[in-house]
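Presented below is the structure to which this report refers.
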Amino acid sequence: MSEDTPVLSFSDVGFSYEPHVPPILKNVSFNLSPGSFTVVVGPSGSGKSTILRLITGLDTAQKGHIQNTARTRMIFQGGALLPWETVLNNVKIGFTGRTLTEAQKDHEARKTLTELGIQSRSDSYPRHLSGGQRQRVGIARALVSAPELLLLDEPFSALDTETTKRLSDEILRIHEEQKITMLMISHNIENAVMLADRILVFSDGCITEDISVSLPRPREITDPEVQSIIKHVQKSIPSDG
Amino acid sequence: MKDVSPKMPYWSHRGRRRHSSTMAHRIGSGLILPLGLVVFAGFFATGVLFVPSEISGKVGTLIAALGASFLRLFIAYIFALVIGVALGLLAERGRRVESALLPIFDVLESLPVLAFFPVIIIIFLKANFLEGAAIFIIFFSMVWNIAFSVVGGVRQTPEDVKAVGVVFGMTRMERLRKVLLPSVFPAILTGSILAVADGWNIVIVAEALRAYAPQADTAHDLFGIGSILVHASSTGDSSMLVAAMTVLVIAIALLNIAVWQPLLAYAERFKFE
């Protein structure tokens, strides 16, 4: 894939969950370039999560065109782990479709869990993990499939501030080391500005603003430039109420 | 980091370990109490304290009859399980399918199965296949419990968990086997317990076929604990009635202790928080 070829392309995409209700997405167009980190922000019900459902094929666009050439995986809110499987087996779901032996899968999965600092929980069940640990297992499951495009659906929404900070650093490290294109949905504007190199503001099913964040990483929340972008994004989002 | 999470044995309910007092409690509530009630009721009905000596020679017959009834119930349950799970999963495939199928299920479930039992018997009588009539009627009383439980189970499965199979590229069969069926396992189990309970109710009448078909007589009754109960009741054989009821209660209690309780404990790990 060349540097200029977008990993993902939305052209005039429209979508409605019911035939006779206003569309949740209206003429949405954007491209994701390889290795970029894009965060979509916007009020509840603005259509942010619908974008991920369309990319993953959970729903089909009724209008426009989506082109996705990348191997795409997703990190869900709360991890979405299977409670009847151990951590190791949950991670091995990421190997679906890859022709590896059980021993290879085992080795790869344990290696990824070690990188994420949760190798000691390999044989535990999800109910025995904290929210942050579950999310790390979700990340490991996505990473073992060697994704080219990683979708993150509000991955920090159920976590405390400290865990969110640690996990954000982890995701940033993975992004920079593996050059995976990332598209994250978030309610947290501060988090979006700390991570993204591009922020798409969504409102009423449309992209209302496309903000480029070219600040070097790691960023400091107290940095006046970071604060200025946070204020700008906050102003551009209509309140939920 | 060391894993300090408690290792739960499969039979334990949310970390409640098996110990003597739990087992004693289960045996006490599941076996001794119902049995005591039967003996107590039998004593008042017949003046006999326990299985009288003239019945003791027939214990083998009672156990064989119980085995025959259990086999009927088991065959009907297997059909109900396969068809009930399939119907439940089918109903949850989409809003249109759900809105078309659920009203039909509602009507079929509400039909009093005994109302059209005579018609079923006549049909099976013509084919000289009375076992089929009994199994069909037991199946029909069971299947809706399982189907509706599965519908509820699919609805309770988080959307994100259902999406995992699609996002990670599983085939339909893999999604069914690795995600959907395990996620509805607790619901299948609950439906099965209700179904088998309904089955025990129906097995009693399903074996006494002569009561429901004009052409049938006692020769058409099926050998089983149900027909023995009906026969003992109609001939006023109180001691046989108490003995048959005792055997039935012991069997149901043992099924509960040995099968349903361990499965319920095992199903805990399949539940979403």
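Once you average over the residues of A:88-95, how many Cβ atoms of partner chains fall within 10 Å of each Cβ?
Mean partner-chain Cβ count within 10 Å for A:88-95: 2.
Averaging over all projection directions, find the projected area of the Cα convex hull of the protein assembly as shown and quote it in nm² with one decimal place.
Taking a quarter of the hull surface, the average projection is 31.9 nm².
So, in nm, how far is label B:A100 from label B:N128 when the simple model puts each one 7 Å beyond its Cα toward the Cβ?
According to this spin-label approximation, the distance is 4.2 nm.
Quick one: among A:G42, A:G117, A:G94, which has the greatest mean-square fluctuation in a GNM of chain A with alpha-carbon springs under 10 angstrom?
Per the Cα network of chain A with a 10 Å cutoff, A:G117 tops the list.
Which order do peptides A:51-61, B:255-265 fall in by mean Cβ count within 10 Å, highest first?
Per-residue Cβ counts within 10 Å, averaged per peptide and sorted highest first, yield A:51-61, B:255-265.
Take each of the peptides A:183-193, A:135-145, B:147-157, average the number of other beta-carbon atoms within 10 Å over its residues, and list them starting from the highest.
Highest to lowest by the protection proxy: A:135-145, A:183-193, B:147-157.
If the only charges are +1 at each Lys and Arg Cβ and -1 at each Asp and Glu Cβ, what is the size of the charge dipole of region A:1-143 around the Cα centre, to the nearest 20 debye?
Dipole about the Cα centre, nearest 20: 320 debye.
About the Cα centre of the protein assembly as shown, what is the dipole size in debye to 20, counting +1 per Lys and Arg Cβ and -1 per Asp and Glu Cβ, all else neutral?
900 debye
Mind listing the phi-derived Karplus ³J(HN,Hα) values for region B:146-156, rounded to whole Hz, using 6.51, -1.76 and 1.60 with θ = phi - 60°, and x for any glycine or proline?
Ordered by residue, 3J(HN,Hα) equals 6, 4, 5, 5, 5, 4, x, x, 5, 5, 7 Hz.
Label points 7 Å out from Cα along the Cβ direction at A:L100 and A:T161: separation in nm?
3.8 nm
Using a 7 Å offset from the Cα along the Cα-to-Cβ direction at both A:S29 and A:D59, what is the distance between the two label points in nm, to one decimal?
Between A:S29 and A:D59, the label points sit 2.2 nm apart.
Between A:T69 and A:E209, how high is the FRET efficiency from 1/(1 + (r/R0)^6) when r is the Cβ-Cβ distance and R₀ = 22 Å? Nearest 0.05.
Rounded to the nearest 0.05, the efficiency is 0.25.
Please give the average number of partner chain Cβ atoms lying within 10 Å of the Cβ of each residue in A:75-81, rounded to a whole number.
Across A:75-81, the average partner-chain Cβ count within 10 Å equals 4.
If you find the alpha carbon centre of region B:129-169 and of region B:72-124, how far apart are they in angstrom?
Cα centroid of region B:129-169 versus Cα centroid of region B:72-124: 10 Å apart.
Rounded to whole Hz and in sequence order, give me ³J(HN,Hα) for region A:72-80 from the Karplus expression 6.51 cos²θ - 1.76 cosθ + 1.60, θ = phi - 60°, writing x for Gly and Pro.
10, 10, 9, 10, 9, 4, x, x, 6
Mind listing the long-range amide H neighbours of A:F202? Cut-off is under 5 Å, sequence gap 5 or more, other chains count too, H placed in the peptide plane at 1.01 Å from N.
A:V41, A:G42, A:T208
Over all residues in A:120-131, what is the mean tally of Cβ atoms on other chains that come within 10 Å of each residue's Cβ?
Other-chain Cβ atoms within 10 Å of each residue's Cβ, averaged: 3.
Hey, in the GNM for chain A with a 10 angstrom Cα cutoff, which one of A:T96, A:T208, A:T222 fluctuates hardest?
A:T222
Rounding to the nearest 20 debye, state how big the charge dipole of region A:1-79 is about its Cα centre with +1 on each Lys and Arg Cβ and -1 on each Asp and Glu Cβ.
With only Lys, Arg, Asp and Glu charged at Cβ, the dipole is about 180 debye.
Please report how far the C-alpha centroid of region A:138-183 lies from that of region A:1-72, rounded to the nearest whole angstrom.
19 Å
How big is the antiparallel share of DSSP beta bridges in chain A, given as a percent to the nearest 5?
45 percent
For region A:117-241, go through all pairs of different Cα atoms, get the mean of 1/r, take its inverse, and jot down that Kirkwood value in Å.
Hydrodynamic radius (Kirkwood, Cα only) of region A:117-241 equals 15.9 Å.
Return an integer: the convex hull volume of the alpha-carbon atoms of chain A, in Å³ per residue.
140 Å³
Going by average Cβ density within 10 Å per residue, which order do the peptides A:165-174, A:23-32, A:62-71 take, highest to lowest?
A:23-32, A:165-174, A:62-71
Would you calculate, for the protein assembly as shown, the mean residue ellipticity at 222 nm contributed by helices, counting each DSSP H stretch of 4 or more residues as -39,500 (n - 2.57) and dividing by all residues, to the nearest 500?
Rounded to the nearest 500, the figure is -16500 deg cm²/dmol.
Check which residues have an amide H placed less than 5 Å from A:F156's amide H, if you skip close sequence neighbours.
It is none; the list stays empty.
Expressed as a fraction of 2.2 N^0.38 Å, the rule-of-thumb size for a compact globular protein of N residues, what is the C-alpha radius of gyration of region A:187-241?
In units of the 2.2 N^0.38 Å rule of thumb, it is 1.11.
Please count, across chain A, the pairs of lysine residues with Cα atoms under 30 Å apart that sit 8 or more places apart or on different chains.
So the count works out to 22.
In Å and on Cα atoms, what radius of gyration and Dmax does region A:107-179 show?
Every Cα atom of region A:107-179 included, Rg and Dmax give 11.9, 32 Å.
Can you give the Kirkwood hydrodynamic radius for region A:19-116, in Å, rounded to one decimal and based on Cα pairs?
Evaluated over region A:19-116, this radius sits at 16.7 Å.
Rule-based calculations on the coordinates, nothing more; no lab input. Quantities reported herein were computed from a predicted structural model and do not represent experimental measurements. Every residue, glycine among them, receives a Cβ derived from its backbone with ideal geometry; neighbour counts consider all protein chains shown.
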